[in-house]
Amino acid sequence: MAVDFSVAQTARCNNAEELSTALQAAREKTLTLLQAYVDALGPELPVPYSTELNPPRWEFGHVAWFQAFWTARNLQRQAGTHCDPDHIRPAGHMRDEDKFYDSSNVPHKTRWDLPLPDLELTRAYMQSTFEETLRLLEHDAQRGEDLYFYRLALFHEDMHAEACIYMAQALEIPLPASLIKNTSEKGGLKPGELKALSIPATTWQLGWSDPASGDDAELTQETHRFFAFDNELPAHSVRLPAFSIDNGPVSWHRFLPAVDAGAVTMPRYVRKQGGVWQACHFGQWVELNLDAPAVHISKDQADAWCRWAGRRLPTEAEWEYAAYHASDFQWGQVWEWTSSRFVPFDGFVAHPYRDYSRFGFEEHRYVLKGASWATDARMAHPRYRNFFPPERCDIHAGFRSCAL
């Protein structure tokens, strides 16, 4: 499928009423996920330590903390990206909440050892902070204030909802049908539908050119100011030589022969029994749809497949240009690895949430483009830059290839 990214385009500049509706929808999804975890694990939500997971009680409390930290407790929220993130903030709704949930200062491994609030207190904290956020949003909108931090909180919650979905896959937690109805195990291009899209040499603008004035979006009020993540800025021109790119992600049909040949390691959540390929889908083994995009593939595995097939991964700019300009460019079921390192664009300036991009820049990460079936439509935009280490395969990631 090709994604209609007008939803994501609008979400970057929605008004206060639309933003309030979106925040409520995001929170409803978060609470649905929380209940699924409780049903599977019990109220203590115990999980073993993993570098790929967060303790669920920490995860859900952190979502509420982040929203409150950047809205209700942010006395400079009206300044938008000019806010001083180090200003003194008032106390929150919970004692020691910063010591529990501040991801910038609470190391990942220590989160399992924290005396976190129990489920009842966590839910109460989520509810009280959320109600305060909605009240402040209405107040700030009436005053004509910048709504940047409300949008940041919305997209942050969307990201964590997706993380909870791939965490559920790792933990074999069943999820409600409403959350997994469009999984990557469905659909896909049949072998005869695969095409090579020939793109002539061109120049492409990577990044948003002027988010304050709403480039690529029609704005009518100052409070609809366009939102961009700091790593999407500033815009710059990239010269693209002519290239040929697949019209869809690499399917299991194309991927698994490389596994049989010993050129690629066995993908996560996949097995072959009695000559039949199967996938573990939230704890249930089902027959693999060979037309569907290969998923839970690391960049290392994608590179290995490309070496075996005599292909290569697209660059970030190539992928983005094709998504905008090639009419038969199918995307949206899996995140797609690119060959581009996640690095700042020339002229990069960190936004107040300084750690959003910093850890990605400092660590060895690569850009993924597009969206997965678990990505909220608000996040599914060609310009969005996802980023993960090349060995990660728990996320809903695949890839497409280009001719050498």
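Ser339 meets each of the listed conditions (1) within 20 Å of Asp394 (Cα to Cα); (2) in contact (Cβ under 8 Å) with a residue 60 or more places away in the chain apart from (2).
Inclusion of Pro234 among residues that are assigned to a loop (DSSP other than H, G, I, E, B) and farther than 20 Å from Lys299 by Cα is warranted.
Of all residues in the range 136-161, how many are small (Gly, Ala, Ser) and assigned to a loop (DSSP other than H, G, I, E, B)?
Qualifying residue count for the region: 1.
Of the set (1) within 19 Å of the chain's Cα centre (by Cα); (2) in a helix (DSSP H, G or I), all apply to Leu121 but (1).
A count restricted to the range 102-118 and to residues that are assigned to a helix (DSSP H, G or I) and either buried (at least 19 other Cβ atoms within 10 Å of the Cβ) or touching a residue at least 12 places away in the same chain (Cβ under 8 Å) (or both) stands at 4.
Residues in the range 42-54: is at least one in the same structural domain as Cys164 (by TED's automatic domain parsing) and in a helix (DSSP H, G or I)?
no
Assuming Gln330 fulfils every condition listed in (1) closer than 30 Å to Gln67 by Cα; (2) touching a helix residue (DSSP H, G or I) at 6+ places or on another chain (Cβ under 9 Å); (3) modelled with pLDDT of 95 or more apart from one, which condition is it? Failed condition: (1).
To keep it simple, each residue is scored yes or no on (1) touching a Phe, Trp or Tyr at 6+ places or on another chain (Cβ under 7 Å); (2) crowded, with 21+ Cβ neighbours inside 10 Å.
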site	(1), (2)
Glu138	no, no
Leu147	no, yes
Tyr150	no, yes
His156	yes, no
Glu162	no, yes
Pro174	yes, no
Ala177	no, no
Asn182	yes, no
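Is there a residue being modelled with pLDDT of 95 or more, over 30 Å from His87 (Cβ atoms) and of a type in the set (Val, Ile, Thr) anywhere in the range 342-365? No, the range 342-365 contains no residue that is modelled with pLDDT of 95 or more, over 30 Å from His87 (Cβ atoms) and of a type in the set (Val, Ile, Thr). The listed residues are Glu59, Glu28, and the only one of them that is free of Cβ contacts under 8 Å to residues at least 12 places away in the same chain and either among the small types (Gly, Ala, Ser) or assigned to a helix (DSSP H, G or I) (or both) turns out to be Glu28. Counting residues in the range 80-96 that are part of a helix (DSSP H, G or I) and buried (at least 21 other Cβ atoms within 10 Å of the Cβ) gives zero. Taking residues in the range 190-216 that are closer than 26 Å to Arg151 by Cβ, and partners anywhere that are at pLDDT 90 or above and surrounded by fewer than 12 Cβ atoms within 10 Å (Cβ to Cβ), the pairs with Cβ atoms closer than 7 Å and at least 6 places apart or on different chains are Gln205/Ser237. Would you be able to say whether some residue in the range 274-281 is buried (at least 20 other Cβ atoms within 10 Å of the Cβ) and not polar (S, T, N, Q)? Scanning the range 274-281, I find at least one residue that is buried (at least 20 other Cβ atoms within 10 Å of the Cβ) and not polar (S, T, N, Q), so the answer is yes. For Ser357, state whether it is farther than 22 Å from Cys306 by Cβ, out of contact with any Phe, Trp or Tyr (no Cβ under 7 Å at 6 or more places or on another chain), among the polar types (S, T, N, Q) and surrounded by fewer than 16 Cβ atoms within 10 Å (Cβ to Cβ). Here the answer is no, as Ser357 does not meet what is asked.
The values are calculated or read from the model by the stated rules, or taken from the named source; none is laboratory data. Keep in mind it's a predicted model, so treat the numbers as computed, not measured. In this analysis, Cβ positions are derived from the backbone assuming ideal geometry, glycine residues included, and neighbour counts consider all displayed protein chains.
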